[in-house]
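See structure below.
The values are calculated or read from the model by the stated rules, or taken from the named source; none is laboratory data. Only a predicted model underlies this, so the values are computations on that prediction, with no experimental measurement involved. Here the Cβ is made from the backbone with ideal geometry for all residues, glycine too, and neighbour counts use every protein chain on show. Heavy atoms of the whole protein, side chains included, go into the accessibility calculation; ligands, DNA and RNA do not. Shrake-Rupley method; radii C 1.70, N 1.55, O 1.52, S 1.80 Å.
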Amino acid sequence: MHRWWLWVRWSGRDLRRRWVLVVAIAMVIAIGTGAYAAFTGSATWRRVSNDQSFASLNTHDLKVRLSAGTTAAEGALLDRLLSLPSAGSVTAAEERLVLPAQVEVREAGKDLLVTGEVVGTGVPARGEVVDDVFVAAGRAVDAGDTGPVVVLERNFAEYHDLPERGALRVSGGQELRWVGHGQAPEHFILTGEGGTGFFAQSTYAVLFASLRTAQDAAQAPGRVNDLVLTLAGGTDVAAVQQQLESALLTGDEPVSATVTTRDEMPAHRLLYRDIDNDQKVWNVIAGLMLAGAAFAAFNLTGRVVEAQRREIGVGMALGVPRAALAVRPLLLGVQIALLGAVLGVLMGAAIGAALADQFRTLLPLPVWQTDFQVGAFARAAALGFTLPMLAVLWPVWRAVRVEPVEAIRVGHLAGRSRGQGLVPLAGRLRLARSTLRQMPVRNVLRTPRRTLLTSLGVAAAVTCLVAIFGMLDSFARAVDEGEREVTHAAPDRLSVQLTGLQPVDSPAVAAVTGAAGVARADLGLTLPGTARANGAEVDLVLETLGPDAVWTPTVVDGTAAGGPGELVLASKAARDLGLRPGDEVVVSHPQRTGPAGFRTVETTMRLVGVHPHPLRVQAYADSSTAELFGLSGAANVVRVVPATGVAALDLQRELFASPLVASAQPVTVVTDALRDALDQYTAILAVAAGITLLLALLIAFNASSISVDERVRDNATMLAFGVPVRGLLGIQTAESAITGLIGTLIGLVAGFGVLAWITRSLLADTVPDFAIDPVLSAGTLVTAFLLGVIAVGLAPLFTANRLRHMDVPSALRVVE
């Protein structure tokens, strides 16, 4: 017992003497294990929060959406639903009118004119409200409200910092009052017009209203175009979906509509797929941080033990059992392990809290559950204890196996006993003649294992940094390419969406094309569709272009569409469908069957060209293709170019007054929204980037601090011969920079590999409609260089004070 107490006291003395080093190494472990706990644990509370948020608002199981521009009589959709064989399994259902709208807000110093939609909800036919609205501020729409009252969508309101109450106008100049901020399940993530984007809260406003208010705004009394319903537990959703699709196509007036499940909802898909794919990304990042911490712990603790080599040798020469001599360095490992485990839990809790705050800002769900994840943090604590213990066992085992005389050797004899490493390679290199200038390279080559382990720790941090910032670079490049494509001609044009299909010679169309601020205009159709080929399926937004179009897509392969049935697809759509120009593709699209009837049909079309826009839903056809849709002589979109001297915003306001104009937006509205979303997502990635920066700096600091201990006699000898402290710092700085350069080069290669895997595998599943190729910008490369070489190289400067106050005679003493 007395002997063990002696070891404990000796270990305590070591701890007091090396407390900075012990804490620093423990922090390296803590960062790796804490990041692992936080990033892997975030998936659990995100999934729980999603589940509870969707459940709390009675989210639909099935939704019927009529084709764009078409409506049905109020009650008609419910009648078809209730005629189904499985009607008894329907627990709740309600009809809605969802119409596109231009929204103008002039409140609290804001002057906003954005696209959006009005969601008018009727009284449930049975059961409770489907897709209820969660009110985050203010109040809900009440049956006793007088006049048109709405609830403003929460994401849009919070993004623009709008008050709880205010007034706005929609297309046609109708004024509405909003009485609160809220959100419905379909709008947990705003995906913009047609669901073609994501995180569109800056440019897309949703208004939740009563069915009557929506009908008044659309000037469509007694009309609906949407039906949502929930089913009893255990019901075969696919079977009910099939029955409903068949019922819509039968009867006196077939209805062209799509029937989708909850899983097909863009917000639902993004939220849940984002968890799984984010988790894979976080696992890679956390694994790299953990690997960097493990390499650093193995290297640093090993060097601490090797620094005690002479003391272990003296003990063996005096007859102390080898097992007893191993106790002291092992106790150092225990100190680091315990401190690393405790700090790892605290670090993980701090990182988790930072992530939770960022996710609450980015995804303001009705319910957020961010409970402490015991399992994840227990694993982190176990890793935090195990890693340094494993790291210290190997060098301790090596230290006690050597002969005492070899362990006691000092100076050049010690270096010879340990081998020369790759020093002979230095003889083949053309180095500076000065011995001091040769030292950094020779020191790196003398201990290749140590250099490699330190470099791998830095490489892991650089890999994380490159992967994180590379994701942002890749997103930004894709957005820039999209903007270049839509602005290569008539960059200031507006896309004017009409509230429905209009004859091309109608007064409504003439009012747009003949507006005072319009210099040029062309008409077209924008219709939803689905392309199928080679077992794959891609949703499309099909737009027709005439010979007088103010803008046409750039064709990078093939030719432009010039006849009926010819199609130009995005490069990503063609690639996903396995098509090349000249191939045939089956397109599912609405087709008019009468004055108000539509049905969904399939037409075989020919792919004639591909364009470079990153959104794969963008598809273009010649105006003659309108015959296939049964829509010859009709239009629902007008592309206009402002007259000379007329600002795009002024033209927007001029067209805003037309009641048949649903929206008039610049063609860059989608790319602008993507940039805003990118800025918000950057905040989450910044948390991980900051952690990797701290990890790299700690690794460099610890390596430099241990180097001072290892080379205390070498440094003392050079000081005794008149080498100034700045000379020693120059040697260590150069050596550290070389090690950092090796780690940076490894990290750049590995980081690009991780980035390629993320963009081509994970993001392709999370955002399948957006083409993202791996790209590293010059800024990312410079940042990686600054972190891996400059910051790591400057770390030895923190040891200047120790070198300046070194007791040279004591350091040179051979026998204590």
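Do any helices (runs of 4 or more DSSP H) entirely within the stretch 409-506 hold 2 or more residues that are under 27 Å from LEU745 (Cα atoms), of a type in the set (S, T, N, Q) and at pLDDT 80 or above, and if so, which?
Result: 448-486.
Residue check, THR759 against (1) in a loop (DSSP other than H, G, I, E, B); (2) within 27 Å of LEU786 (Cα to Cα), all met but one. Which one?
(1)
I'm told ALA508 meets every condition in (1) open to solvent by less than 40 Å² (accessible area, probe 1.4 Å); (2) in contact with an Asp or Glu (Cβ under 7 Å, 6 or more places away or on another chain); (3) not aromatic (Phe, Trp, Tyr) except one. Can you identify the failing condition by its number?
With (1) open to solvent by less than 40 Å² (accessible area, probe 1.4 Å); (2) in contact with an Asp or Glu (Cβ under 7 Å, 6 or more places away or on another chain); (3) not aromatic (Phe, Trp, Tyr) applied to ALA508, the lone miss is (2).
Looking only at the stretch 767-790, which residues are in a helix (DSSP H, G or I) and surrounded by fewer than 20 Cβ atoms within 10 Å (Cβ to Cβ)? Working first, answer last.
Applying the first criterion (in a helix (DSSP H, G or I)) to the stretch 767-790 yields 778-790.
Correct list: ALA778, GLY779, LEU781, VAL782, THR783, PHE785, LEU786, ILE790.
Going through the stretch 249-287 one residue at a time, which ones are over 30 Å from ALA689 (Cβ atoms), touching a Leu at 6+ places or on another chain (Cβ under 8 Å) and aliphatic (A, V, I, L, M)?
VAL255, ALA257, VAL259
Among what's in the stretch 524-560 and is more than 19 Å from LEU615 (Cα to Cα) and β-branched (Val, Ile, Thr), pick the residue that is surrounded by the fewest Cβ atoms within 10 Å (Cβ to Cβ).
THR559
Looking only at the stretch 511-523, filter to residues that are touching a strand residue (DSSP E or B) at 6+ places or on another chain (Cβ under 7 Å) and not hydroxyl-bearing (Ser, Thr, Tyr); which one of those is most open to solvent (accessible area, probe 1.4 Å)? Before you say what the answer is, go through the steps one by one.
Step one: of the stretch 511-523, the residues touching a strand residue (DSSP E or B) at 6+ places or on another chain (Cβ under 7 Å) are 512-513, 517-523.
Next, from what is left, pick out any that are not hydroxyl-bearing (Ser, Thr, Tyr): 512, 517-523.
Working: VAL512: 2, GLY517: 3, VAL518: 22, ALA519: 66, ARG520: 119, ALA521: 34, ASP522: 3, LEU523: 53 Å².
Per the stated criteria, the residue is ARG520.
Starting from the stretch 334-359, take each residue that is open to solvent by 40 Å² or more (accessible area, probe 1.4 Å) and list its partners that are not in a helix (DSSP H, G or I), counting only C-beta distances under 9 angstrom and pairs at least six apart or across chains.
Going by the 9 Å Cβ cut-off, the qualifying pairs are ALA349/PHE372; ALA353/THR370.
Residues are listed down the side, and each one gets a yes or a no for (1) among the small types (Gly, Ala, Ser); (2) under 33 Å from the mean Cα position of the chain (by Cα); (3) open to solvent by 50 Å² or more (accessible area, probe 1.4 Å); (4) within 23 Å of PRO590 (Cα to Cα):
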| residue | (1), (2), (3), (4) |
| --- | --- |
| GLN52 | no, yes, yes, no |
| LYS63 | no, yes, no, yes |
| THR115 | no, yes, no, no |
| GLU128 | no, no, yes, no |
| ASP145 | no, no, no, no |
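Give GLY740, GLY747, GLY793 a once-over and let me know the one that is at pLDDT below 85 and either under 15 Å from ALA461 (Cβ atoms) or open to solvent by 70 Å² or more (accessible area, probe 1.4 Å) (or both).
Details: GLY740 fails: at pLDDT below 85; GLY747 fails: at pLDDT below 85.
Sole residue among the options that is at pLDDT below 85 and either under 15 Å from ALA461 (Cβ atoms) or open to solvent by 70 Å² or more (accessible area, probe 1.4 Å) (or both): GLY793.
Quick check on my filter: what residues within the stretch 490-505 are open to solvent by 30 Å² or more (accessible area, probe 1.4 Å) and among the β-branched types (Val, Ile, Thr)? Before you say what the answer is, go through the steps one by one.
Restricting attention to the stretch 490-505, the residues satisfying the condition of being open to solvent by 30 Å² or more (accessible area, probe 1.4 Å) are 491-492, 495, 497, 499, 501-505.
Matches in the stretch 490-505: THR499, VAL504.
Tell me yes or no: at least one residue of the stretch 592-601 is in contact (Cβ under 8 Å) with a residue 40 or more places away in the chain, out of contact with any strand residue (DSSP E or B) (no Cβ under 7 Å at 6 or more places or on another chain) and surrounded by 22 or more Cβ atoms within 10 Å (Cβ to Cβ).
no
Please identify the pairs in which a residue from the stretch 238-250 that is over 13 Å from ARG65 (Cβ atoms) and modelled with pLDDT under 90 has its Cβ atom under 8 Å from the Cβ atom of a residue that is hydroxyl-bearing (Ser, Thr, Tyr) and outside any helix (DSSP H, G or I), counting only partners at least 6 apart or on another chain.
ALA247/SER83; LEU249/THR600
Report, by residue number, each residue of the stretch 87-105 that is open to solvent by 30 Å² or more (accessible area, probe 1.4 Å) and in contact (Cβ under 8 Å) with a residue 24 or more places away in the chain.
Looking only at the stretch 87-105, we keep the residues that are open to solvent by 30 Å² or more (accessible area, probe 1.4 Å), and these are 88, 91, 100.
Passing the criteria: THR91, PRO100.
Could you tell me whether GLY565 is under 25 Å from ALA257 (Cα atoms) and open to solvent by less than 50 Å² (accessible area, probe 1.4 Å)?
Working: under 25 Å from ALA257 (Cα atoms): yes; open to solvent by less than 50 Å² (accessible area, probe 1.4 Å): yes.
When the stated conditions are applied, GLY565 passes them.
If I filter the stretch 370-392 for residues that are touching a Pro at 6+ places or on another chain (Cβ under 9 Å) and either under 21 Å from GLY34 (Cα atoms) or at pLDDT below 75 (or both), do I get at least one hit?
We begin by selecting, within the stretch 370-392, every residue touching a Pro at 6+ places or on another chain (Cβ under 9 Å); these are 392.
Still in the running and either under 21 Å from GLY34 (Cα atoms) or at pLDDT below 75 (or both): 392.
Yes, the conditions are met somewhere in the stretch 370-392.
From LEU472, LEU436, LEU465, grab the single residue that is surrounded by fewer than 24 Cβ atoms within 10 Å (Cβ to Cβ), of a type in the set (A, V, I, L, M) and farther than 30 Å from ASP714 by Cβ.
On the way: LEU436 fails: farther than 30 Å from ASP714 by Cβ; LEU465 fails: surrounded by fewer than 24 Cβ atoms within 10 Å (Cβ to Cβ).
The conditions single out LEU472.
The conditions are (1) in a strand (DSSP E or B); (2) touching a residue at least 60 places away in the same chain (Cβ under 8 Å), and GLY562 fails exactly one of them. Which is it?
The one condition GLY562 does not meet is (1).
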